[in-house]
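Have a look at the structure below before the remarks.
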Amino acid sequence: MTVGGRRLTCVVGTRPQLIKAAAAWPDLRARHRPVLIDTGQHYDDGMAGAFFGELGLPAPAHQLGVGSGTHARQVAAMLDRLEPILIGQTPDAVVVFGDTNSTLAGALVAAKLGLPLAHVEAGLRSFDRGMPEEVNRVVVDHLSGLLLAPNVEAAGNLAAERIGAGRSSARVLVVGDLMQDLCAATVPAVRDEAAIRGGASEEVRALGLRTGQYVFATVHRAENREPAAIHAWTRILGELGQPVVLALHPGTRQALDEHGSVLPRRVHVVPPQGYRATLALELHAAAVVTDSGGVQREAAWLGTPCLVLRETTEWGGTLEAAGGRAALVGRDLDRALAAMARLAPPKRALAGAVARSATATVPPAGAGAAIAAAIEDWLGS
Ligand code: UD1
Ligand code: UDP
């Protein structure tokens, strides 16, 4: 740790934010004095607690214990509990990650207290305001003083909104994708087929999975918890011609239960998995089916064919750069089956997965180091 480094308060609260904070932590610690505040938006051990140990994150300086609720109640509780802590801490800057309600709350409190605010994963846009995350992204970007964009496309979106231009004092920098750094560092440990059983939960181990002989799926977007959507995507999963391992977010599990949904026979629901186990399941799968921002990018970096259960994506550039092995299929069965036949045809899927998993290499993006340096520079200027 650098003596005299800046005092940074990193506000996290959900699974992907713990993963992003863990990816940045070694670089933040090397140059600054970071602490975590966990809003407690995610609270099941498999959605939150387990990642601290697995990814080497320190215990949070404060656990707000906010939990679930409507968006207004959840964000209001975060604002209420965060404000006195930030008043007491007076950090040199507040750092927020991604686009969740915890990101929004951290940004709002920092902005209202006049604390410098840095946003990691700035500038992403799906251009769909019906998505709760899009609302969060737009607000947080317009409040931030340092906008750390994962790619040029995201920086372009900020320029289009005049952020960092004209009389705005905001600074926009392209720093790369933190999740790519963690994926790059982890991939050597999951090349062996044994990795799909090694760190996985008992429910996954019981399935006796083999490379290339299953599909890995995650579903959690709000739009995919509606009854008609559930009906459509469960049908898609049942018709892919492979057993499906569905690592299910507890909110989606609750929605399935509420609607009395019966899953097709070859769809195996398993609990949320750890980070390394998930990466292994993605790498060794014949294909990935997901609506997750993180999982679709990981599939792209790993070279695994990916069907995205959405009509839009804020990660178009990442998916294109991966060579067209991903397709947006919404919840349309015909599109999904056509994409599966094109990207992971039965005759090639097994050999493709075996070859890919044996040789997978992901180049690091260097985002952690770029973020730590950018913060130092910005606060020093
Ligand atoms: C949140 C983010 C989303 C992100 C996702 C990552 C918002 C608006 N959404 O969605 O952008 O992609 O996290 O996973 O911030 N639940 C549990 N246990 C938990 C957490 C949640 O049972 O540990 C259930 C509760 O029923 C809760 C529901 O999941 O009502 C939804 O949780 P919430 O935190 O509101 O949003 P996510 O769907 O997790
Ligand atoms: N992930 C995980 N266990 C799971 C499902 C996902 O560790 O059971 C990881 C995944 O590998 C990726 C991150 O969680 O690194 C993505 O988070 P999530 O899908 O919850 O949110 P999003 O990226 O859509 O915001």
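Things to note:
- Taking the criterion of being buried (at least 20 other Cβ atoms within 10 Å of the Cβ) and touching a residue at least 40 places away in the same chain (Cβ under 8 Å), the residues of segment 321-348 that qualify are 329, 331, 336, 340, 343, 344.
- Test: residue in segment 139-151 that is touching a Gly at 6+ places or on another chain (Cβ under 8 Å) and assigned to a helix (DSSP H, G or I): yes
- Matching residues, segment 219-259, being among the basic types (Lys, Arg) and free of Cβ contacts under 8 Å to residues at least 60 places away in the same chain: 225, 253
- Residues in segment 46-66 that are over 23 Å from residue 372 (Cβ atoms) and under 17 Å from the mean Cα position of the chain (by Cα) were compared, and the one that is surrounded by the fewest Cβ atoms within 10 Å (Cβ to Cβ) is 49.
- If the condition is being charged (D, E, K, R) and touching a strand residue (DSSP E or B) at 6+ places or on another chain (Cβ under 8 Å), then segment 103-152 contributes 121, 141.
- Condition check for residue 301 on (1) closer than 18 Å to residue 44 by Cβ; (2) crowded, with 20+ Cβ neighbours inside 10 Å: one failure, at (1).
- Subset of segment 105-119 [under 21 Å from the mean Cα position of the chain (by Cα) and closer than 14 Å to residue 378 by Cα]: 117, 118, 119
- Set 255, 184, 232: member being in a helix (DSSP H, G or I), surrounded by 16 or more Cβ atoms within 10 Å (Cβ to Cβ) and more than 23 Å from the chain's Cα centre (by Cα): 232
- Those residues of segment 260-276 which are hydrophobic (A, V, I, L, M, F, W, C) and either within 16 Å of ligand 1 (Cβ to nearest atom) or within 26 Å of residue 134 (Cβ to Cβ) (or both), in sequence order: 269, 270
- Test: residue 163 is touching a Ser or Thr at 6+ places or on another chain (Cβ under 7 Å) and free of Cβ contacts under 8 Å to residues at least 60 places away in the same chain: no
Computed from the coordinates by the stated procedures, all read-outs in this text should not be read as laboratory data. Here the structure is a predicted model, which means the values were calculated and not measured. Positions of Cβ are backbone-derived with ideal geometry, glycine not excepted, and every protein chain shown enters the neighbour counts.
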